[in-house]
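Worksheet: one structure, shown below.
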Amino acid sequence: AQRVTQPEKLLSVFKGAPVELKCNYSYSGSPELFWYVQYSRQRLQLLLRHISRESIKGFTADLNKGETSFHLKKPFAQEEDSAMYYCALSGGDSGYSTLTFGKGTMLLVSP
Amino acid sequence: DAGVTQSPTHLIKTRGQQVTLRCSPISGHKSVSWYQQVLGQGPQFIFQYYEKEERGRGNFPDRFSARQFPNYSSELNVNALLLGDSALYLCASSSAGQGSYEQYFGPGTRLTVT
């Protein structure tokens with residue numbers, strides 16, 4: 001069975017501080033990992049995916065297969081980063097692109 | 001393109017009733033997935049449809065069913081509603097079914113069962 005764990009419900013930091021949102025996964029195959037973000041009153045949207053290895057809005061995430069982790073990082077948090085962040089895994093025997101989500105971490109960036 | 005659209009926005013039903021939720025994917029997208037998001041939890045996968053065929057099903061009872069129409073829009077039906085079915089129901093579309101194609105989410109339908 002596949003599982004995604006986000007251990008922190010809430011992460012509160014000050015503007016300019018580094019941010020790390022933790023994500024650990026359990027999956028027997030070769031996973032594809034994503035971070036989705038939901039800003040206040042907006043729909044869920046893709047932030048980044050591990051296979052693209054790109055930085056979006058200053059966020060990066062590296063897949064560590066040895067530690068089965070996909071932590072989201074940003075060196076200097078901004079107030080506009082305040083949102084709900086979900087780590088998600090794409091897999092399944094069928095190969096179809098269904099997503100397994102973690103419970104989410106609320107990031108609050110204070111001025 | 002308005003993106004993925006869902007209707008209705010909000011819905012209140014009583015226990016035992018049946019409900020139908022609707023989803024229109026982004027133009028050109030052939031895959032639609034449904035997710036249930038209970039308060040305080042991440043979205044949980046219910047169904048995926050691709051080219052009008054069911055391609056995946058999550059761990060939900062048979063009270064939940066869905067279908068996809070020739071224009072790729074989709075309906076989610078829930079029979080014999082329980083209080084625990086109260087949730088935000090999300091629809092997501094993608095350009096294909098297999099592989100890790102980006103899923104685009106709709107705003108959701110908030111279902112309250114009393």
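A short reminder: the numbers here are calculations on the coordinates, not readings from a lab. These numbers were taken from a predicted model, which means no experiment stands behind them. Positions of Cβ are backbone-derived with ideal geometry, glycine not excepted, and every protein chain shown enters the neighbour counts.
Tabulated values for the structure
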read-out	value
Peptide A:44-51 - average C-beta neighbours from other chains (10 Å radius)	3
A:ARG3 paired with B:GLU75, simple spin-label distance in nm, labels 7 Å along Cα-to-beta-carbon	3.8 nm
Residue mean of other protein chain beta carbons inside 10 Å, B:55-65	2
Assigned charges on the beta-carbon of Lys, Arg, Asp, Glu; chain B dipole about Cα centre (debye)	280 debye
Separation between Cα centres of region A:44-111 and region B:18-32, rounded to whole Å	25 Å
Pairs beyond 32 Å (Cα-Cα), from A:LYS9/A:LYS57; A:LYS65/A:LYS103; A:LYS73/B:LYS52; A:LYS103/B:LYS30; B:LYS13/B:LYS52	A:LYS73/B:LYS52
